[in-house]
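Engineer: Okay, handing you the structure first.
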Amino acid sequence: MSETMTVIKIGLVRDMEYEQTKIVEAEGKEILLVRLGRTITAIGNECTHPGCRLSNGKIDGETTRCLCHGWLN
């Protein structure tokens, strides 16, 4: 079984040249973009803890910590 990945253009890499994080919307969902060096990773902006946004948390290396309850993503 093979999975199909949908690609959605949300911006340009240079848009994050001076930012570590950026929130974008794709298909009605908030996506948190995180820049680590030359790599940009996209994750859902909602933590599993109801009502908490990962964009309000802290980035520590390759880990995002939710400020609501300390959950590591």
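Just so you know, all these numbers are worked out from the coordinates, no wet-lab data involved. In this text, all values refer to a predicted model and were calculated from it rather than measured experimentally. Neighbour counts are summed over all protein chains in view; Cβ atoms, including those assigned to glycine, are modelled from backbone coordinates with ideal geometry.
Engineer: Grab the Cα-Cα distance for C68 and E30, subtract it from 0.36 nm times how many residues apart they are, and report the gain in nm with one decimal. Kindly include the intermediate steps, with their values, before the conclusion.
Structural biologist: On the way: separation 38, 0.36 × 38 = 13.68 nm, distance 1.78 nm.
Full extension of this stretch gives 11.9 nm more.
Engineer: In what order do E3, E27, E46 fall by count of nearby beta-carbon atoms within 10 Å, going from fewest to most?
Structural biologist: Working: E3 4, E27 7, E46 17.
Ranking E3, E27, E46 by Cβ neighbours within 10 Å, fewest first, gives E3, E27, E46.
Engineer: State the percent of C-alpha pairs, over all pairs in the chain, separated by a distance greater than 19 angstrom.
Structural biologist: Working: 1025 of 2628 pairs.
That tail contains 39 percent of the Cα-Cα pairs.
Engineer: What is the order of K29, K9, fewest Cβ neighbours within 10 Å to most? Mind showing how you got there, number by number?
Structural biologist: On the way: K29 10, K9 6.
In increasing order of surrounding Cβ atoms, one gets K9, K29.
Engineer: Report, by chain and number, residues whose modeled amide H sits under 5 Å from the one on T21, excluding near sequence neighbours (fewer than 5 apart, same chain).
Structural biologist: Excluding prolines and chain starts, which carry no amide H, the hits are R35.
Engineer: May I pose another question? Can you list residues from other chains, or at least 5 along the same chain, whose modelled amide H is less than 5 Å from the amide H of C52?
Structural biologist: C47
Engineer: Tell me which residues come under 5 Å, amide H to amide H, from G57 once H is placed; ignore anything under 5 positions away on its chain.
Structural biologist: So G57 has HN proximity to L67.
Engineer: Among L54, L12, L33, determine the one that fluctuates most according to a GNM of the chain built with springs between C-alpha atoms less than 10 Å apart.
Structural biologist: Taking springs between Cα atoms under 10 Å, the residue moving most is L12.
Engineer: Under a GNM of the chain (C-alpha, springs under 10 Å), which listed residue has the highest mean-square fluctuation: V24, V34, V13?
Structural biologist: Result: V13 has the largest fluctuation of those listed.
Engineer: Sticking with this structure for a sec: Can you spot the aspartates and glutamates whose alpha carbon is less than 18 Å from K58's alpha carbon? Ignore those fewer than 8 places along the same chain.
Structural biologist: E19, E30, E46
Engineer: Could you derive backbone 3J(HN,Hα) for region 18-32 from the dihedral phi with the Karplus parameters 6.51, -1.76 and 1.60 (θ = phi - 60°), listing whole Hz in sequence and x where the residue is Gly or Pro?
Structural biologist: In residue order, the calculated couplings are 10, 10, 7, 9, 7, 9, 10, 10, 9, 6, x, 10, 7, 10, 9 Hz.
Engineer: Let me ask another. In whole Hz and in residue order, list the ³J(HN,Hα) couplings for region 40-48 that follow from phi through the Karplus curve 6.51 cos²θ - 1.76 cosθ + 1.60, θ = phi - 60°; x for Gly and Pro.
Structural biologist: 3J(HN,Hα) across region 40-48, in whole Hz: 10, 10, 10, 9, x, 7, 9, 6, 5.
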